[in-house]
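Q: Here it is: the structure, laid out below.
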Amino acid sequence: MPNTEAGSAPTVAATKAAPARTESEPTPPVPQDADVPRNRRRALLEVPLPQPASTPALPEVVLGIDLGTSHARVAIVQDGTPKLIPLPGTNTTDLPALIAVNGTGDLVVGAAAQTEGQRAPRRAISGLKRLLGLKPRSPQLRWLAPLLPFPVTTDTNGDSAVEVRGRVISPTLFTAMLLRELKHAAATHLGRKATRAVICAPTHFTDRQCAALREAATLAGLDAQRILIAPAAAALAYAHGRGLARKRVLVVDLGGGGLQVCVVQVTGDDLEVITTGGDATLGGMDFDARIAEAIASDLSEQGVPKPDHPLDWAPLRTAAESTKVALSSREQVDVTLPSGTVPPINRERVEALTADLAQRVTTVVRDVLESNALSPQGLDAVLLVGGQSAAPLVRRRLEESLGVSVRDDVDARGSVALGAALLGQGLLLAKAGKPAATVSEVLSSPLAVAERGGTLRRVLERNTRLPATKTLVLPTVPGPLELALFQGAATQASDAEYLGRLTLNVERAGEVELHLALSVDGALSLEATLPGVKRHAVSLATEHLDDAAFDALIARSPLIPEPERRPGGVLSGLKKLFGRR
């Protein structure tokens with residue numbers, strides 16, 4: 001029998017090879033002459049043609065993404081093991097979180113932006129993630145603005161942005177470009193597209209900031225399956241394969257743009273967040289700024305003036321970061337700059353410059369523990385992750401403060417992306433009805449509504465287990481009803497993060513029920529039940545408000561502050577204990 005290639009038409013009856021047939025030649029008819037019996041003709045028609053060899057279905061994949069302020073990373077789970085994905089054509093898994101306008105006016109991110117910044121510092125921006133989802137009146141922005149290495153402006157939507165060479169760049173666009181680069185790296189590595197991801201966010205991100213992160217993912221062509229707080233992801237990576245049973249773990253994530261603290265309880269691959277905290281104004285970039293200032297002072301003694309524009313500090317900050325990293329394993333390093341050389345810098349000097357920052361780390365950690373009646377002695381493990389975690393001073397101060405050792409068997413830089421990939425794999429397994437890793441989170445900061453006068457009435461408290469629901473009853477009269485929603489620990493509207501304005505048209509007097517729902521990752525959705533109207537979905541208007549419009553909105557609140565009450569004995573105390581007045 002002659003050999004045939006898989007997928008080619010069989011030779012049913014032939015004594016010699018048939019000549020090759022071209023696309024233009026007609027398909028020969030099935031033999032119909034009288035010499036061929038009818039039953040044989042039927043047999044010829046019924047001979048099954050061989051099917052093309054089937055390609056085995058490729059396993060589904062969900063990317064795990066760590067969008068750090070200084071660097072971003074992407075990971076996947078292969079054969080049950082989480083792995084960081086290298087960037088195409090490189091040996092590194094770290095994507096520099098920079099954006100720049102190149103010589104032709106195009107926006108570039110990552111290594112290309114880094115190169116552009118070295119050529120012309122005023123063309124590149126770092127640390128832009130800190131502005132994601134922030135409006136100009138944001139209290140967070142007020143705290144951050146003096147620390148940022150660039151001036152802040154607004155885009156056409158009224159959101160915080162930066163301007164580079166006449167181009168206004170929004171943090172959402174920047175984030176989308178980073179995500180697109182990570183998606184491309186994953187596709188190159190896998191040899192196919194990957195469009196689903198678990199994306200990590202800081203613990204302090206509000207609902208508005210997480211919404212901006214989801215928008216950036218959509219712009220990048222990614223489906224954000226879940227937003228996961230970064231320290232919880234690091235804990236998941238640590239717990240993977242260890243078979244832990246009801247172990248309480250403290251995670252301190254000191255990255256480039258902020259400090260995040262999280263206490264979790266781990267059982268196997270199931271993780272339950274107990275509490276979170278942190279400081280959005282304390283990160284590796286703030287350590288770099290101290291060292292950069294010292295380098296600038298050394299240069300000024302040689303007659304080199306200090307930069308007079310925020311973006312011109314970029315070479316000094318780059319040198320400062322390199323110095324800091326080198327000093328994590330050495331006692332002294334040389335510093336070389338395009339503008340000149342300075343005397344070597346030693347670890348002792350850097351630790352003296354940043355001692356108060358390291359102390360702030362320990363203070364925040366202790367506050368998170370004490371506010372939840374947790375003691376260091378009740379912890380089974382302490383993890384220190386994030387780029388700044390490599391600083392010996394930070395580790396030393398943390399161990400001295402807690403009286404316990406910090407573990408060193410965790411990937412301090414990659415654990416967040418690795419943990420996110422593990423949760424992504426868990427989502428796939430759960431969908432298939434198989435045992436999978438789970439993460440149960442809590443609300444990181446409370447939700448509140450504004451009363452007339454600007455005081456805030458709490459609706460959902462910090463550390464509320466997610467998912468969660470709450471119904472707020474509002475007495476109303478016919479006409480428009482407006483209510484402002486906020487997030488944060490502040491008691492006054494002016495000091496909290498404004499989420500948006502809810503507007504309802506009420507046709508009949510009575511009570512309006514506002515139903516708030518938080519998803520497993522804290523995404524807020526709203527529904528309302530009006531007098532004579534069925535329950536229906538409603539949304540927040542999130543446009544920027546100037547001071548006059550903001551004050552007017554607060555003044556129109558249907559909620560009137562309850563008057564101060566005099567102590568009313570045991571009954572009054574019981575009512576307060578159970579949240580009633």
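No lab work stands behind these numbers, since they all come straight from the coordinates. Since this is a predicted model, take the numbers as computed values, not measurements. All Cβ positions, even for glycine, are placed from backbone atoms using ideal geometry, and neighbour counts span all protein chains on display.
Q: Over all directions, the average projected area of the alpha-carbon convex hull for the stretch 447-577 comes to how many nm²?
A: Mean projected area of the Cα convex hull: 9.3 nm².
Q: Pairs of Cα atoms under 8 Å, at least six residues apart: use those to get the relative contact order of the stretch 244-362, whole percent.
A: 18
Q: Another question, then. Counting Lys and Arg as +1 and Asp and Glu as -1, what is the net charge of the other residues whose Cβ lies under 15 Å from the Cβ of Glu331?
A: Within the 15 Å Cβ shell, the charges total +2.
Q: Skipping prolines and chain starts, which residues have an amide H placed within reach, meaning under 5 Å, of the one on Ile99, given they are 5 or more residues away or on another chain?
A: Correct list: Ile125.
Q: Of Ala468, Ala523, Asn505, which is farthest on the positive side of the dipole of the stretch 447-577, counting Cα position, with +1 on Lys and Arg Cβ, -1 on Asp and Glu Cβ, and the Cα centre as origin?
A: Of the options given, the answer is Ala468.
Q: Moving on. Taking square-rooted eigenvalues a ≥ b ≥ c of the alpha carbon gyration tensor, is the stretch 348-462 rounded, prolate or oblate, where a/c under 1.5 means rounded and, failing that, a/b exceeding b/c means prolate?
A: Oblate is the answer for the stretch 348-462, as a/c is 1.5 or above yet b/c matches or exceeds a/b.
Q: Shifting gears a bit: Show me the ranking of peptides 183-196, 61-74, 159-172 by mean Cβ neighbours inside 10 Å, starting with the highest.
A: The peptides rank, most packed first, as 61-74, 159-172, 183-196.
Q: For Gly510, what charge total do you get from the other residues with a beta carbon under 15 Å from its beta carbon, if Lys and Arg give +1 and Asp and Glu give -1?
A: 0
Q: Assuming R0 = 30 Å, can you tell me the calculated FRET efficiency for the pair Ala352 and Asp411, based on Cβ-Cβ distance, to the nearest 0.05?
A: The value I calculate is 0.50.
Q: Tell me the net charge near Thr195. Cut-off is 12 Å between Cβ atoms, Thr195 excluded, with +1 for each Lys or Arg and -1 for each Asp or Glu.
A: +3
Q: Then there is this: Provide the packing ranking of 423-435, 107-119, i.e. peptides ordered by the mean count of other C-beta atoms within 10 Å per residue, highest first.
A: Sorting 423-435, 107-119 by mean packing, highest first, produces 107-119, 423-435.
Q: Is the shape of the stretch 204-299 best called rounded, prolate or oblate, per the rule: a/c under 1.5 gives rounded, else a/b larger than b/c gives prolate, else oblate, with a ≥ b ≥ c the square roots of the Cα gyration tensor eigenvalues?
A: It comes out oblate by the Cα gyration axes.
Q: By the gyration tensor of its Cα atoms, with a ≥ b ≥ c the square roots of the eigenvalues, what is the shape of the stretch 162-253: rounded for a/c under 1.5, prolate for a/b over b/c, or oblate?
A: Oblate is the answer for the stretch 162-253, as a/c is 1.5 or above yet b/c matches or exceeds a/b.
Q: Additional query: If I require 20 Å or longer along the helix axis, counting alpha carbons, and a Kyte-Doolittle average no lower than 0.0, what helices from the chain are left? Use full DSSP H segments.
A: Helices meeting the criterion: 171-190, 284-300, 355-370, 415-431.
Q: Mind ranking 448-456, 254-262, 350-358, 149-157 by how tightly packed they are, going by the mean number of other C-beta atoms within 10 angstrom, highest first?
A: 254-262, 448-456, 350-358, 149-157
Q: In whole angstrom, how far apart do the alpha carbon centroids of the stretch 407-430 and the stretch 105-136 sit?
A: So the separation of the two Cα centres works out to 28 Å.
Q: Output the antiparallel fraction of DSSP beta bridges having both residues in the chain, as a percent to the nearest 5.
A: 80
Q: Okay, next question. Given the alpha-carbon gyration tensor of the stretch 284-355, what are the semi-axes of its equivalent ellipsoid in whole angstrom, ordered largest first, with each equal to the square root of 5 times an eigenvalue?
A: For the stretch 284-355, the semi-axes come out at 19, 13, 11 Å.
Q: Looking at the chain from every direction and averaging, what is the projected area of its Cα convex hull in nm²?
A: Answer in nm², one decimal: 42.4.
Q: Let me ask you something else. Can you tell me the relative contact order of the chain? Whole percent, Cα pairs under 8 Å, sequence separation 6 or more.
A: RCO, the chain: 13 percent.
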